[in-house]
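This report concerns only the one structure given below.
Read-outs throughout are calculated quantities, based only on the coordinates presented, and are distinct from any laboratory measurement. Everything numeric here is computed off the predicted structure, so don't read it as measured data. Positions of Cβ are backbone-derived with ideal geometry, glycine not excepted, and every protein chain shown enters the neighbour counts.
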Amino acid sequence: MSDSVLVTGATGNTGAHVVAGLRERSHRARAASRHPDSADADAVAFDWSDDATFAPALTGVRAVYVVAPAGAADRPFLETAAARGVRRVVLLSSSAVARGEPGLGEIHDLVTDLFAEPTVLRPSWFMQNFVGDHPLAETIRRAREIVTATGDGRLGFIDAADIAATAVEALTATEPVGGDLVLTGPESLSYPEAAAIVSEVLGRPVRHVDVSTAELARRLTAAGYSAEFSSMLAALDERIRTGEQDLVTTTVRDITGRTPTSLRHFLAGHASRLASSP
Ligand SMILES: NC(=O)c1ccc[n+]([C@@H]2O[C@H](COP(=O)([O-])OP(=O)(O)OC[C@H]3O[C@@H](n4cnc5c(N)ncnc54)[C@H](OP(=O)(O)O)[C@@H]3O)[C@@H](O)[C@H]2O)c1
């Protein structure tokens, strides 16, 4: 019987919470990773670029949580899943990428075309960017600076745990949730405002440095990130600068019933990781 949910990106920001959330509700979650945890009997080897991993990962699976790595060859796996009878897919996309746009927007199209019960989650920027291995977190730890090309533009930072809670609901609800869902935290903040909150939580000043998009890309490349990743991140900042991402939605609360976490609350819970490497 097909009763499992395959969670791709199971070691990542949202995927780890999706696995935990499914298991808390007694659903069977197969945690997919290129390096599956040998201590987890339901962990499974999966690599988007290795089609030999697809069929074993999809055995007994009725639904899939899709975290597609940038530039991955996503089509072969998704076509295999559809051919094996998977009906329900929840895709993690981004508020900055509309259906049909290059990259995640093309996967959005594909998932909508291939599966009977698609739900596309389009979250704003993750609060985890302030504390993990994201360039933003690295600059806070190293230089006590937040460097962006966003100016005073605002965005609705969201905790990955709130995205995951929404995904768990969409993966397990009796009636499909469906749709193209923009997810945000409870408030819209600029990076200067976020820097003030970080300073307060850390008890030390962290300043916001506003640079041009080209300068941000240059700094990211100089810090060792690839030219492609650097220009992609910097270009996203422009979407914020124009005000396009100044959004607050009630979708997390509407779907899960939970109040989404505020940036201040999230950072207070991760204060040690703000100051030193994870
Ligand atoms: N960060 C943000 O602010 C933000 C905002 C909106 C949307 N998003 C989107 O969210 C998604 C996740 O981003 P994230 O930074 O939070 O990453 P993440 O989910 O924390 O990490 C990426 C995951 O992908 C898996 N992975 C990478 N390459 C793989 C491969 N070839 N085959 C199988 N699995 C692979 C990794 O697992 P293993 O290493 O264990 O294999 C890891 O679990 C991205 O599509 C991003 O565009 C991010």
Checklist entry - Mind checking which pairs have a first residue in region 128-154 that is of a type in the set (S, T, N, Q) and a second that is assigned to a loop (DSSP other than H, G, I, E, B), Cβ under 7 Å, 6 or more apart or different chains? => result Gln128/Asn13
Item to check | Number of positions in region 220-254 that are part of a loop (DSSP other than H, G, I, E, B) and within 15 Å of Arg122 (Cα to Cα) | outcome: 7
Next on the checklist: Of the conditions (1) within 14 Å of the ligand (Cβ to nearest atom); (2) within 29 Å of Leu220 (Cβ to Cβ); (3) in contact with a helix residue (DSSP H, G or I) (Cβ under 6 Å, 6 or more places away or on another chain), Thr166 satisfies every one except a single condition; which number is it?
Outcome noted: (2)
Next on the checklist: Asp133 - would you say it is surrounded by 24 or more Cβ atoms within 10 Å (Cβ to Cβ) and under 17 Å from Arg273 (Cβ atoms)?
Outcome noted: no
Checklist entry - Take the residues of region 1-60 that are within 17 Å of Val90 (Cβ to Cβ) and of a type in the set (Lys, Arg): which is nearest to the ligand (Cβ to nearest atom)? => result Arg30
